[in-house]
């Protein structure tokens, strides 16, 4: 008997007991749907984390100033400018695995061009910034070391600021007034999109660190060399945790903090933060994997059970088929193909449900919906294998029947 | 050469209750073109002989040649192929598959002979025509009367042009009028050259055969040739009776 023939016969047998067949498939349906959703949600979450790390800059920690105690009152982070650009230089020089240490100051300011104005975030940065944040200038050029050293009043602007102030006009060479200081625009940053917490990262103006301190942020930077915070970028993820320890040690030493004094700075591992967000998705993904495994197992047992019932019910049919010339292996193939068809149909329905679920979850979570064609192929193939595996025993029972006994059975 | 040559065929069942000698050194020849009835009460060994002739079972000892093939030496697959090619079974309970229409049921032996769909369809329609059911090809067994179902079963048995039809109580589930019709069909097929073996306990059925082999206790007690009743006479008589 040919395979197409057997599949047609299987479909007719499945159709003859439509409800029973559907219920039997349910385990496989749930299992496969869970696999598809799991893979889609897992890869969607991974993709999201990857994108956030990319937009933040990989292997990044931020060292912030603060935690000063004045007269018994512990002032929070950023309350005092205890970090300096020399600290940044020391970190870069002395800590192993540090690729960049970018000191910066940050403040909000009203920016004006022509008749338009806009409130945005102004960063005072140095050259390491673009290394640490993996952020390139898209149009024009970046700061040159001379400009930075002299604290010239030039600026790089983010995409959102360009849109708000300039519309379609070319901002390069234009003068942007920041707190009434005229900055010449020399470049436009490549767009970054939203941050992990949903902020528009392109709503930004960059100025040289020195210019930023003196002319824009101003406050609390009495000491000439102090900075708000330092982004430290490591070469690899493995460098981060030992690196944090060493930075802490180095800064305590540089700030001459005795053993009884608290840190006057804080170090946060930003990569860790993003990974934590991804971990929830991975947990969901694992849960679905467990559901998938159990469902496929239960579904397979269900198929075995119903195939055993079917073989018993159709004993006379088996006897008749044997009498008219079916070989035992024809009977084996018939029931094996029936079980496999049943499982594969369950798999196909499961794919539809799984894709639907994945799209729904992706939409709710605002993820890219990544339904991998390979995952679908694997899921259908796997459900087919479940059919073969759990269908084998019933099929073998059918194939081993004695035709005389089988024909005599009521 | 005889179509069927059986020598000292013995079949012993080993049951929990002990050994049962179902068939005891039976020898029998059947020629092409015969219409033979195998008779005997239940337990006489006639069903055992039928299973052996039908290649559904293998003897404990003895030899069985079907068209010169030593059946007792064949594997399960060899037996299946031989059944497919040489034997057409007709059962008391018809044994049609309820999900398939008449045509599908008749096609079934050809599925295992590896014949392609188009030729299967042609041959199945021809076989249904031969038993007078061409116009019922797409009826399911449930939609057919008992006599019609048995005709479909006979068409199925004929479709691979086997060496013999092996009919096990073919009229046992039918009323007497339908039974006569089915016997008339067997006689007609036999006149066309089909070898028919009727296995029955019913003397009225056996009277329609030209040769009657009687079994008791696993042995042949007599093997007679007779002038058979012509089932057409009964059919005609019935028609005449109805006309009056």
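Readers should treat all values here as calculations from the given coordinates under stated rules, not as data from a laboratory. Treat the numbers as computed from the prediction; the structure is a model and nothing was measured. Glycine also receives a Cβ, built like all others from the backbone with ideal geometry; neighbour counts cover every protein chain displayed.
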**OP:** Work out how much length residue A:51 to residue A:282 would gain on full extension: take 0.36 nm times their residue separation and subtract the Cα-Cα distance, in nm to one decimal.
**Re:** 81.6 nm
Subject >> Acute angle (nearest 10 degrees) that the helix B:102-113 long axis makes with the longest principal axis of chain B, alpha-carbon atoms >> reply: 40
Subject >> Segments B:88-100, B:228-240 sorted - mean Cβ within 10 Å per residue, highest first >> reply: B:88-100, B:228-240
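Per DSSP H run of n ≥ 4, the term is -39500 (n - 2.57); total these for chain A, divide by its residue number, and report the mean residue ellipticity at 222 nm rounded to 500 deg cm²/dmol.
The per-residue figure over chain A is -18500 deg cm²/dmol.
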Subject >> Distance from the range A:171-194 to the range A:300-367 (C-alpha centre basis), Å >> reply: 65
Original post:
Which angle between 0 and 90 degrees, to the nearest 10, do you get for helix B:117-130 versus the longest principal axis of chain B when only C-alpha atoms count?
Top reply: 80
Original post:
Hey, with R₀ at 25 Å, roughly what FRET efficiency would residue A:174 and residue A:199 work out to, going by the Cβ-Cβ distance, to 0.05?
Top reply: 0.50
Subject >> Mean-position separation - Cα centroids, the range A:108-128 and the range A:1-64, in angstrom >> reply: 48
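Based on the alpha-carbon gyration tensor of chain B and its eigenvalue square roots a ≥ b ≥ c, which shape applies: rounded if a/c is under 1.5, prolate if not and a/b is larger than b/c, or oblate?
Judged from the Cα gyration tensor, chain B comes out oblate (a/c at least 1.5, b/c at or above a/b).
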**OP:** Using a Förster distance of 56 angstrom, determine the FRET efficiency expected from the C-beta separation of residue B:116 and residue B:230, and round it to 0.05.
**Re:** 0.90
Subject >> Cα centroid separation - the range A:240-263 against the range B:154-187, whole Å >> reply: 102
Original post:
residue A:408 label point, 7 Å along Cα→Cβ, cut-off 14 Å on backbone N: hits in the range B:28-61?
Top reply: B:42-52, B:56-58
**OP:** Taking chain A as the reference, fit the longest principal axis to its C-alpha atoms, fit the long axis of helix A:270-313 to the helix C-alpha atoms, and give the angle between the two in degrees, 0 to 90, nearest 10.
**Re:** 0
Original post:
residue B:223 to residue A:23: FRET efficiency via 1/(1 + (r/R0)^6), r the Cβ-Cβ distance, R0 51 Å, to the nearest 0.05?
Top reply: 0.30
Original post:
GNM on chain A, C-alpha springs below 10 Å: top fluctuator among A:274, A:154, A:378?
Top reply: A:378
Original post:
At residue A:250 and residue A:89, where each label point lies 7 Å from the Cα along Cα→Cβ, what is the point-to-point distance in nanometres?
Top reply: 1.3
**OP:** Starting from the Cα of residue A:389, step 7 Å along the direction of its Cβ; do the same at residue A:238; then give the gap between the two resulting points in nm.
**Re:** 3.6
